[in-house]
Amino acid sequence: MAKAMEDSAIEHCCDYIKAKNLLRDKIVAKVLENTQEKLMELLQNELDRMSSEEEDDLDLNSDMEEGDRTLEG
């Protein structure tokens, strides 16, 4: 319905649609502004976790290779 209203809007409806879109954009900008710091913190935590898992995997692989060497020697 909103799409049909936008497509066939008459002049007074156009002002309403513009106001509605501006308000939506303002709300979205405010939400993003308020959550940007939290999002960055979550992303950093996820990167740290992934990095830690990678290091653990490398340590495990290294330990396995050393174990193989001691068995061969």
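Full extension of the chain segment joining Leu60 with Tyr16 gains 9.6 nm, where the gain is 0.36 nm per residue of separation less the Cα-Cα distance.
Gain on full extension, evaluated as 0.36 nm per residue between Ser51 and Arg24 minus their Cα-Cα distance, stands at 5.9 nm.
Values in this text are rule-based calculations from the coordinates and carry no lab data. Quick caveat, the model's predicted, so the values are computed rather than measured.
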